[in-house]
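In what follows, a single structure is set out as C-alpha cells and then discussed.
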Amino acid sequence: MEILGFIFFVLSLIGYSSTLRLLNVNKYFTWISGIFIQIMLLYSFAMLNLLRVGIWAVTALGVLLWGGRLILGYMGKVSIHHEGIHLYDVWMLFLGSVMALVLLHSPLIHYDNFSHWATIVKFLNYTGHLPGAKDTIISFTSYPPATALFITQFVTFTGFHEGTMLVAQFIMIWAASYTIFATLRDRTRGLNSMLLCLTIAISYVFNINIRLNNLLVDYVLAIITVAALVGIYIYQNRPKMLAAHVALFSGTLLLIKNSATFFVIIIACYYLYTLIKTTNATTKINQFLMIIGKFIGTFAVTVLPFIWWELHVHVTFTSSKHEISASAYQSQLAHDGMKGFLSIGQAFLHQIFNLTSLSTQGFILINVGLLISWAVIKYLFHHPNNLIKILGILDLITLLYYFSLLGMYVLSMPFTEAITLDGFERYMSTIVVLNLFIGMMFLVYTIDETYYEQNINERSPRNYESIWSKNGYQLATFLVMFFAVIMMYSEINGTTFTNNYNRRSLPVLLTKVAKPWNKENDQKILIVDPQKVEVVTYYSGYLANYYFFTNNATGQAVFSKSEHNFKNNLCKYKYVVVPKYDKSFSKGMKKFYHQKITTGFYRVHSNQLEKINK
C-alpha cells in the first residue's frame, strides 16, 4: 500500500513538473516550483481548515495533469524537448537515491525534531488541521507550516514514519539543489558541472551539526534562497516569469520560518538590481515608476500568505515562543538589561573569532578560495574577472547576518540560552552554505569564460589551445568528479555511522519498549531517563510528548528514597516508560513495590506497575 501511495505521489509531482515545462518554466526549476505550488495550495486548504481534503485534492490534481499530459502527447498536441542525460544528472540521480535510502532508515535524534519539527508533522497528519489554542502539544505556534505541509502530504501516501519524513524533506532539498545547474553556459563541460556537484557535497560539511537526518530547516533556507537567486538570473529577460518566480519562492520562504525574512531581503535586493538593469523606458521617470511598480507589486503578492499567517497566529494564540512581537522584544530588553546585552555580545565576538568554529572556517575557506581563484584567473590566464566584487558582497552578507543573529540572541532568546549562544553553528551554517553556492556558481561561470573556444556551438573535444591544456582539463575534470563522488559518499557514510552510533540513544530505545500513539491525548506519562541532562533540558519530555502524542509527559532522572514520596510521585501518572535501565528507579521499585523493573512500558496502579507488551 505504501508503495502504491509513493507511486501516486511521484506521478502527481511529475504532473506538476511536466505542466510547468509546457508553461515554459525552466526545466531545472519545474520540480521545486511544482513543490512550492503544492505547498501554497495546501496552505490555503489548511488555513480554511480543509487540510485532509486539500492533500487529496492537490495530489489528485497532479495525477490528472500527468494523465492529461500523456493523452495530449499521444495525440501529438504537445511535446517537450529533452536535452538528454548529462553527467550531473547521473550524479544527482544515483547519489540522491542512495542518500534517500539511507534517510528512509534513519531515526530522529536532534532535540528540535521533538520540540517542533517532527511533532507538527505528526499533529497535521493525525488531526488533519492546524493547531489551535487547545492543542498545547505544539509549543512554537508562530512557526509557519510550509515544510510540515509538504512532508505531511508525502507521509499521507507513504505512511507516517521518521524515515518517510526525512525523505520528503530531502526531495525538497534535492529539487532545489538541481536548480544550480541552470547557471551552466555549457552543460557538456564535465569540469564545470562536477564543480557544482562538488559544491553540493561540500555544503553538507558545513551542515554537519544537524545533517540531513533531521527535520530542522536551516539548510532548507539556504538552498531555497540559492534557487531563488538562480531563478532571478535565469528569468531576468522574462519579466512576468521573473515576478512569478520571486513571489512564489520568497512567499514560500516566509512560510518556512520567521527568520527567513533576512534571506527574502537578499532576494529582494537582487531582484531590484535585476529590474534596474533590464527595465527600459522612454524617460528616467517612466523607468523609475516601472521598476517601483514591478517591485512593490511582486512583494505585495509575496507577503500576503505570511500576513495571513501572522493574523492567524495573533487571533488563535495569546502568545507563542519565538514570535515576531515588539512587546516581547521590549520585555526581553527590560529583563536582561545592558549588562546582559554586553555579556551576550562578548560571547558572540569570541565565537566569531574562534578558529575552531566550523562557520569561521567556512568563512575563511570561501575568502581564501575566491581570492586565489581571482589571482590565478587574472594573472595566470590573463582574464579580468569580478570574483573580488562577489567576495565583497558575500562578506557584506555575512556581516549583516552576524548582526541579525546577535539581535535574535539579545531580543528573542531567554538569557540562559542566549549567553551560551545556543544553536550558533547551526544558524551560521545557513549563511556559510548560501555564500558557498553563490561563490562557486560565479567561479564556474568565470572558469567557462576562460576557455579557449567561447562559441559554445563550436566546442568539441578538439577545441583546446594546446595538448597540455587538454590534458590538464581532463585531469582536473577527473579529480573534481572523484572528489564530488567521494565527498557525497562521505555524507552518506557519515549519516549511516550516526544512525549506528545512536542505536543506544533514548529515541531508538523508546521504540523497543512501546508503540507510538497516534491519537492526541492528555494522558500523564513519566519517562524514566538516567541521563540528567536530557531531563533538565526537557529533551526526554519533548520526546515522550511526540512519541505518545500528549502534552503531559515528563522526564525524571532522580527518585526519592522515601517510600511515601516515591509512591506519591508515581501515582501522579497513568503510565511509566523505562526505555533504558535506571538504577535508582529499579531499586525503588524493588524496595517499595517488590517488583523487578528493568525496561518496558507500564500502567500505574496503586500497588504495582502492570507491564504492557509492545
Practice item. Any chance you could tell me what percent of the C-alpha pair distances in the range 91-132 go past 13 Å? Key: 66 percent
**Study point:** Cα long-axis angle, helix 358-375 against the chain (0 to 90 degrees, to the nearest 10)
**Key:** 10 degrees
Review point. How many percent of all Cα-Cα pairs in the range 334-383 sit more than 12 Å apart?
Key: 71 percent
Exercise for review: Order these peptides, 429-441, 236-248, by their mean beta-carbon neighbour count within 10 angstrom, highest first.
Suggested key: 429-441, 236-248
Study note, to complete from the structure: So the pair-distance distribution of the range 280-321, from every Cα-Cα distance in 10 Å bins, comes to percents of 25, 27, 21, 16, 10, 1
Review point. To the nearest 10 square angstrom, how much accessible area does Thr318 have with a 1.4 angstrom probe?
Key: 150 Å²
Check your understanding: Taking the Cα atoms of the range 342-495 alone, what are Rg (to one decimal) and Dmax (as a whole number) in Å?
Key -> 20.2, 64
Practice item. Give me the lysines in straight-line cross-link reach of Lys77: C-alpha distance below 22 Å, same-chain residues under 8 apart excluded. Key: Lys27
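By the gyration tensor of its Cα atoms, with a ≥ b ≥ c the square roots of the eigenvalues, what is the shape of the range 20-167: rounded for a/c under 1.5, prolate for a/b over b/c, or oblate?
On the way: a/c = 2.59, a/b = 1.51, b/c = 1.72.
It is oblate, given that a/c is not under 1.5 and a/b is not larger than b/c.
So, for the chain, what is the accessible surface per residue at a probe of 1.4 Å, expressed in square angstrom?
Details: 28670 Å² over 614 residues.
Per-residue accessible area for the chain comes out at 47 Å².
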Check your understanding: Normalized C-alpha radius of gyration of the chain, against 2.2 N^0.38 Å?
Key -> 1.06
Revision key, fill the gap. Helix 51-74: inclination vs the chain longest Cα principal axis, degrees, rounded to 10, gives 30 degrees
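I need the Kirkwood Rh of the range 103-247: take the reciprocal of the average 1/r across all distinct C-alpha pairs and report it in angstrom.
Numbers: mean 1/r = 0.0589 Å⁻¹.
17.0 Å is the Kirkwood radius here.
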Review point. In whole percent, how big is the carbon plus sulfur part of the accessible area of the chain, probe 1.4 Å, protein atoms only?
Key: 65 percent
Check your understanding: What angle do you read, to the nearest 10 degrees and between 0 and 90, between the alpha-carbon axis of helix 539-548 and the longest principal axis of the chain?
Key -> 90 degrees
Check your understanding: What base-10 log of the normalised intensity I(q)/I(0) is obtained for the range 511-614 from the Debye formula, alpha carbons as equal point scatterers, at q = 0.23, 0.24 Å⁻¹?
Key -> -1.37, -1.48
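Past the 20 Å Cα-Cα mark, which pairs from Lys519/Lys614; Lys512/Lys561; Lys524/Lys561; Lys524/Lys611; Lys532/Lys574; Lys240/Lys294?
Values: Lys519/Lys614 17 Å; Lys512/Lys561 28 Å; Lys524/Lys561 22 Å; Lys524/Lys611 16 Å; Lys532/Lys574 22 Å; Lys240/Lys294 10 Å.
Exceeds cut-off: Lys512/Lys561; Lys524/Lys561; Lys532/Lys574.
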Practice item. Would you mind putting 578-588, 598-608, 399-409 in packing order, based on average other-beta-carbon counts within 10 Å, highest first? Key: 578-588, 399-409, 598-608
Exercise for review: Report, largest value first, the span of the C-alpha coordinates of the range 250-314 along each principal axis, in whole Å.
Suggested key: 46, 19, 12
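The values are calculated or read from the model by the stated rules, or taken from the named source; none is laboratory data. This is a predicted model, so every value here is computed, not measured. Methodologically, a virtual Cβ is constructed for each residue, glycine included, from the backbone with ideal geometry; neighbour enumeration extends over all protein chains shown. Heads up: the accessible areas ignore ligands, DNA and RNA and are worked out on the full protein's heavy atoms, side chains in. Shrake-Rupley method; radii C 1.70, N 1.55, O 1.52, S 1.80 Å.
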